[in-house]
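**Q** What follows is a structure written as structure tokens; I'll ask about it next.
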Amino acid sequence: MILQKEDIYYTSTLRKATAALTTETFINVYNYEWAALLEANYQVIHDEIIEHFEANKTHFNPYLSGVLTQGTGKWRSFGFYFWGIRASDQICKHFPETIRLLKQVPGIVSASVSVMEPDSEIKPHFGDTNAIHRCHLGLVIPCTLPEVGFQAGYEKRSWERGKLLIFNDAAYHKAWNYSTEKRVILIFDVIRSQYLHQKLWICSRVNAIMWIQRIEMRYLKLGKLLRTQILQRFIALLIYLNYSLFRRKFLWL
């Protein structure tokens, strides 16, 4: 599997990808059988997350050090699953019902809470890979378009409380909150059905790229070397082997 030619794109190659990548933007929510389950349990998820947010605001860290926003702290996040790796029990114990519900989503690999502060925007960007569909569940939505919204490709949509919004993370996308209140959503990533057999390798590739990005931000001169596909694949292979040999340490959904 690892050595086969891939039709999957990752962050490092999305900008070079063909235009066909962007033809899939928003996804029909009810293509997924589990969508109705999560929407029906919106209030449970909302109460767990908002209660934790109000009591532990310092747990929510600026996303990507403010690279995609104007000013640090405008976009904050708090994760309990990241590309197959589970956060500590000390964190996850606060979200028992949310995690129980997410475990019923086949192919899920990441889950986090995203907070956009008032009068903020997230710059247009590509996501991690076209191998996933990214899912947003609206928790606190101050208002709708045009003040608050999300755009994938050329299409704009509003979040809705208790409703899912699903899109291809490889599409060029952005978000904004020009209201006077914060916007809070639950984000989770689901491997697309045709790539489920590559789930472990996809997680390895993305984690390798994230690891390289962190090094690159600290040591700028290494940027060109670190961005080579050969090195990225080599690091991903090491992570893949680590996952495979010590999988028990990574508490998968």
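The values are calculated or read from the model by the stated rules, or taken from the named source; none is laboratory data. These numbers come from a predicted model, not from an experiment. Cβ atoms come from the backbone with ideal geometry, glycine included; neighbour counts cover every protein chain shown.
**Q** Enumerate the pairs (first residue in the range 149-166 and closer than 16 Å to GLU39 by Cα; second residue anywhere and surrounded by 14 or more Cβ atoms within 10 Å (Cβ to Cβ) and among the acidic types (Asp, Glu)) with beta-carbon separation below 7 Å, excluding pairs fewer than 6 apart on the same chain, so at least 6 apart or on different chains.
**A** What qualifies is GLY162/GLU39; LYS163/GLU39; LEU164/GLU39.
**Q** Now, a different point. Looking at the range 159-174 only, could you name the residues that are at pLDDT below 95 and either touching a Leu at 6+ places or on another chain (Cβ under 7 Å) or crowded, with 16+ Cβ neighbours inside 10 Å (or both)?
**A** ASN168, ASP169, ALA170, ALA171, TYR172, HIS173
**Q** Right, here's the next one. Hey, could you check the range 103-121 for residues that are buried (at least 18 other Cβ atoms within 10 Å of the Cβ) and more than 14 Å from the chain's Cα centre (by Cα) and say which is farthest from THR144 (Cα to Cα)?
**A** Looking at the filtered set, the residue picked out is VAL105.
**Q** Kindly list the number of the only condition in (1) at pLDDT below 85; (2) on the phi > 0 side of the Ramachandran plot; (3) not hydroxyl-bearing (Ser, Thr, Tyr) that fails for ALA20.
**A** Exception for ALA20: condition (2).
**Q** For the range 178-226, which positions are hydrophobic (A, V, I, L, M, F, W, C), more than 21 Å from VAL29 (Cα to Cα) and at pLDDT 85 or above?
**A** LEU200, TRP201, ILE202, CYS203, VAL206, ALA208, listed by residue number.
**Q** Please go through the range 69-107 and pick out each residue that is of a type in the set (Ser, Thr, Tyr), outside any strand (DSSP E or B) and modelled with pLDDT of 85 or more.
**A** Across the range 69-107, the qualifying residue is only THR98.
**Q** In addition: Is at least one residue of the range 39-48 under 30 Å from ILE230 (Cα atoms), modelled with pLDDT of 80 or more and either surrounded by 17 or more Cβ atoms within 10 Å (Cβ to Cβ) or not acidic (Asp, Glu) (or both)?
**A** Scanning the range 39-48, I find no residue that is under 30 Å from ILE230 (Cα atoms), modelled with pLDDT of 80 or more and either surrounded by 17 or more Cβ atoms within 10 Å (Cβ to Cβ) or not acidic (Asp, Glu) (or both), so the answer is no.
**Q** What are the residue pairs meeting all of these: first residue in the range 111-132, first residue touching a residue at least 12 places away in the same chain (Cβ under 8 Å) and within 16 Å of LYS174 (Cα to Cα), second residue part of a strand (DSSP E or B) and among the aliphatic types (A, V, I, L, M), Cβ atoms under 6 Å, and 6 or more apart or on different chains?
**A** Qualifying pairs under 6 Å: SER114/ILE185; SER114/ILE187; VAL115/VAL184; ILE122/ALA175.
**Q** Can you list the strands (runs of 3 or more DSSP E) found entirely within the range 108-195 that contain at least 2 residues being in contact with a helix residue (DSSP H, G or I) (Cβ under 7 Å, 6 or more places away or on another chain)?
**A** The qualifying strands (runs of 3 or more DSSP E) are 108-116, 132-140, 164-168, 183-191.
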